[in-house]
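Written below as structure tokens is the structure these notes are about.
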Amino acid sequence: MREQLRKLRIEKGLSVEDAASMVGISPSHYYKIEQGRRNPTIAVARKIADVLGSTVDALFFASELDDASKEASADA
């Protein structure tokens, strides 16, 4: 799950419906992105980052990069 998405949304006082409306997608699509069951397009990822006051990298890639780094270190 993309915990950072949910955390920031709640900190902003936004419901899933509010965030989805601001991004321009359906609430179910937004929820699936937040749960990690769907990957957003770059355009949607940018809109989500703008709405949540963050960056695309921080929201969608930071933990994946950390995991990849850990795996690379374990293989070395």
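Please treat every number below as a calculation from the coordinates, not as lab data. Just so you know, these numbers come straight off a predicted model, no measurement behind them. Neighbour counts are summed over all protein chains in view; Cβ atoms, including those assigned to glycine, are modelled from backbone coordinates with ideal geometry.
A few notes on this one:
- In order through segment 48-56: 3J(HN,Hα) via Karplus (6.51 cos²θ - 1.76 cosθ + 1.60), integer Hz, x for Gly, Pro: 4, 4, 4, 4, 8, x, 9, 10, 4
- For a paramagnetic label modelled on Ala58 (point 7 Å from Cα along Cα→Cβ), amide N atoms under 16 Å away belong, within segment 1-38, to 3-13.
- 3J(HN,Hα) from dihedral phi, segment 35-43, Karplus parametrisation 6.51/-1.76/1.60, rounded to Hz, x for glycine, proline: 7, x, 8, 9, 9, x, 5, 4, 4
- Each residue of segment 20-28 was assigned a 3J(HN,Hα) from its phi angle through the Karplus curve 6.51 cos²θ - 1.76 cosθ + 1.60 (θ = phi - 60°); the sequence is 4, 4, 5, 7, x, 10, 6, x, 5 Hz, with glycine and proline shown as x.
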